[in-house]
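**Q** Before I ask anything, here is the structure I am working with.
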């Protein structure tokens, strides 16, 4: 069920109505969680009911493993054994569904190159939607319990609700147990103020997704599907459009997720903070898919960096973390290169920043923005291309035939829209401070915000209804 | 690192529910202003002269000729508009015949509803010739139907079909752009002025086009439930008022008839029950062979016939009506 589909907007009010009825009539926390869990399973099973088996299995394994871990003292082998079981189970699920085909093909290619016969059939494995997100969430829970950073949750219903909470189930924000589980231990208090902010976040998210990302999609498809026949300028636009598309798509999803949760009376983490206004690669990553970046920082980078903190070790940990991040995005060398190069850039930036103290000058900021955004756009070619050869060919043509674009310029209006949204936004997938219109004075600001959000909603409705089918969110494929 | 929490602290003294109500009012206000612009703005030639704008002419044609003795009204999509000469059938049968064929995307049920007030139960015979594509995707809400509401500035119709509001807003926006840019291009085939006084489209007849490749054509999958919904709607809207109806198959590419003969026959059998005078129904499906035509007779890949094909299909329809009239007079 897509947030931008009509079905979802019939489903969601029913869930909210049930929660409100429970809040005022029965006042049962267990019933509240049962409603949310049931709704989450309906939401998830809407894609394919068979996916439910995986999420239930993942939930049960981590629920049991965490409880067993707590029975053993810190540092004991028993505690470690249950952690290993949880990590193994989660990575096995992820590995089988997401990476089996990739590694099988790579092995086959390697054996063939070595002159060995490698003939075996392929399995047509469907990648369950959102598997990469909820397995990381459950993994973080097990690791936190192991290190004593979170308590094992004894209430299975509460824990299952944490894993399957539908606003953030399929594409994040990836929530830590210690932040979200306690919210399911009490009766949610939906109230008008968060509901109002939630509605505005949903409108902003739908605008990013339906108006910007979905309108850029045909341009991106046209350029990447026909890059051999287009001029360098058009190819440059294609890469720019894709960068904006993926940002608007994912930040839009996060905004809607946080807004939906707010209406239900729950708080989710900020996931985007205007990354495309960043003036360095490290700043960009502090604002891009924040909860995922924090996951990799806390559970991969922190582990790799343990021991003596030399520059070399930090550099290797950074590159290795981004290698894993690239692999997480997809079972393809293009993603691995995309991630690893970002890691290398971070390391280079760290060294460069150590050598040169950047003054707070406008032209330096401008240059920093150009370098950051330019590199992100250039690397996004690898993210979008089906294989390395295509990505290199695309990049080669783009550089060799550089010039003003002769076609595909229509999408620039949506790029402009995206930067206007970012400029107005306070830099978070939240709106509790309103838009950057304080210079207008409170009354004019309120009125302007009202008109802007109302117009955005109307544009969303127009775009959604005049399009034949709702487009899936890009990050669902990861 | 940025904060990973969202606080949602109240930022002003105005309560959330009042702000929410104000937002809803603002949305409704902007929509109302936008719709007012729709009503006030004259249609540019791009809209007023487009093919679908002929809907007004067709309704006016039926309204003006209501009460004519032995009138025959054809209802279908563009297949009938392009592929049948009502004028020729009228001369053959010596009866007034009008072509109400418009566009499959409008939907058969919407088209029947649109024409129903202008049909005379005592004097009219309604001939239904829906194309398979029209049946496969018949919906009360469709973008084409929303376009009809937009072109006819039908506020009442829009109130009954609120889902069309965003489409009308979008069309109004485009209309404003046409006015600003001074655009007035109209397709040489798909244009309102391409219809004659009997509702036949003639703009394509003088044009030579290469024979369309229909070898990949597949008869669309029409769910049985859809056919029953459509037939039930026709019975309630027309037959219940005493209006006599006759089903005649639309022209179909031969490739589709050959690839899925069972599917085509099942559809025709179900639709044959639309042939009714009062409570009597025809349970026997028509002979489909004459309606399955080779690609040389098609004008394009959308099921529209060229001049040669039009002669054949016109004769097919005239023959079917003639047989029906003979049967009912016996």
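The values are calculated or read from the model by the stated rules, or taken from the named source; none is laboratory data. Since the model is a prediction, treat every value here as computed from it, not as a measurement. Here the Cβ positions follow ideal geometry from the backbone for every residue, glycine too, while neighbour counts run over all protein chains shown.
**Q** Among the helices (runs of 4 or more DSSP H) confined wholly to segment A:237-346, which include 3 or more residues that are away from chain B (no Cβ under 14 Å)?
**A** The qualifying helices (runs of 4 or more DSSP H) are A:311-329.
**Q** While we're looking at this one, here's another question. So in segment A:333-351, with the set limited to residues that are surrounded by 19 or more Cβ atoms within 10 Å (Cβ to Cβ) and in contact (Cβ under 8 Å) with a residue 60 or more places away in the chain, which one is farthest from residue A:297 (Cα to Cα)?
**A** Among them, the one singled out is A:345.
**Q** Within 19 Å of residue B:138 (Cβ to Cβ) and more than 21 Å from the chain's Cα centre (by Cα) - does that describe any residue in segment B:238-257?
**A** Scanning segment B:238-257, I find at least one residue that is within 19 Å of residue B:138 (Cβ to Cβ) and more than 21 Å from the chain's Cα centre (by Cα), so the answer is yes.
**Q** Look at segment B:168-188 and say how many of its residues are more than 11 Å from chain A (Cβ to nearest Cβ) and in contact (Cβ under 8 Å) with a residue 24 or more places away in the chain. Working first, answer last.
**A** From segment B:168-188, those more than 11 Å from chain A (Cβ to nearest Cβ) are B:175-188; that's our starting set.
Narrowing further to those that are in contact (Cβ under 8 Å) with a residue 24 or more places away in the chain: B:175-176, B:178-179, B:183-187.
Within segment B:168-188, residues that are more than 11 Å from chain A (Cβ to nearest Cβ) and in contact (Cβ under 8 Å) with a residue 24 or more places away in the chain number 9.
**Q** Can you find, within segment B:138-157, the residue that is nearest to residue B:271 (Cα to Cα) among those that are without any contact (Cβ under 8 Å) to a residue 40 or more places away in the chain and within 14 Å of chain A (Cβ to nearest Cβ)?
**A** First, pick out the residues of segment B:138-157 that are without any contact (Cβ under 8 Å) to a residue 40 or more places away in the chain: B:139-143, B:146, B:149, B:154, B:156-157.
Pick out the ones that are also within 14 Å of chain A (Cβ to nearest Cβ) and you get B:139, B:141-143, B:146, B:149.
Details: B:139: 17, B:141: 22, B:142: 22, B:143: 25, B:146: 26, B:149: 28 Å.
Of everything passing the filter in segment B:138-157, B:139 is nearest to residue B:271 (Cα to Cα).
**Q** Read through the list (1) surrounded by 23 or more Cβ atoms within 10 Å (Cβ to Cβ); (2) touching a residue at least 60 places away in the same chain (Cβ under 8 Å); (3) assigned to a helix (DSSP H, G or I); (4) more than 12 Å from the chain's Cα centre (by Cα), then give the number of the only condition that residue B:165 fails.
**A** Of the numbered conditions (1) surrounded by 23 or more Cβ atoms within 10 Å (Cβ to Cβ); (2) touching a residue at least 60 places away in the same chain (Cβ under 8 Å); (3) assigned to a helix (DSSP H, G or I); (4) more than 12 Å from the chain's Cα centre (by Cα), the odd one out for residue B:165 is (1).
**Q** Of all residues in segment A:419-447, which are within 11 Å of chain B (Cβ to nearest Cβ) and either farther than 23 Å from residue A:283 by Cβ or at pLDDT 85 or above (or both)?
**A** A:434, A:442, A:443, A:445, A:446, A:447
**Q** What's the number of the condition residue A:207 fails, among (1) farther than 27 Å from residue A:136 by Cβ; (2) away from chain B (no Cβ under 14 Å); (3) part of a helix (DSSP H, G or I)?
**A** (2)
**Q** Looking at residue A:162, is it away from every other protein chain (no Cβ under 14 Å), part of a helix (DSSP H, G or I), in contact with a helix residue (DSSP H, G or I) (Cβ under 6 Å, 6 or more places away or on another chain) and without any contact (Cβ under 8 Å) to a residue 60 or more places away in the chain?
**A** In short, yes.
**Q** Also: Mind checking which helices (runs of 4 or more DSSP H) fall wholly inside segment B:216-330 and carry at least 1 residues that are over 19 Å from residue B:88 (Cα atoms) and without any contact (Cβ under 8 Å) to a residue 12 or more places away in the chain?
**A** Because the criterion is at least 1 residues that are over 19 Å from residue B:88 (Cα atoms) and without any contact (Cβ under 8 Å) to a residue 12 or more places away in the chain, the helices (runs of 4 or more DSSP H) in segment B:216-330 that meet it are B:224-237, B:261-272, B:307-329.
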